[in-house]
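Contents: one structure, followed by commentary.
What follows is calculated from the coordinates using simple rules that are stated; it is not laboratory data. Remember, it's a predicted structure, so these values are computed and weren't measured experimentally. A quick note on method: Cβ atoms are made from the backbone with ideal geometry, for glycine too, and the neighbour counts reach across all protein chains shown.
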Amino acid sequence: MKGIKCITNKEWWIAALTRALKTVAQVGLGALATDTIWGVDWKAVGGIVVMAGLLSLLTSLAGIPEINESEANNG
């Protein structure tokens, strides 16, 4: 399922948000690993994490392999 019409599909949202959450967690842990917990620039980490989540959702518009296209069109 590709394009803007996928945003009305519940299964697409579940898959897209799951992928975005995984991306946010991975990027956040990577950003935190760059310094000690007391030396982390939390605003920068927050900005990086939010941007990663948004980019993940935008990338999902191109298609999510976990969603079978025929199933998505029926939902």
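Remark: pairs (first residue in the range 18-31, more than 16 Å from Gly47 (Cβ to Cβ); second residue among the hydroxyl-bearing types (Ser, Thr, Tyr); Cβ separation under 8 Å; 6+ apart in sequence or on different chains) = Arg19/Ser56; Arg19/Ser60.
Could you list, in sequence order, the residues of the range 48-62 that are within 11 Å of Gly28 (Cβ to Cβ) and either in contact with a Cys (Cβ under 8 Å, 6 or more places away or on another chain) or loosely packed, with under 15 Cβ neighbours inside 10 Å (or both)? Residue satisfying the conditions is Val50 alone.
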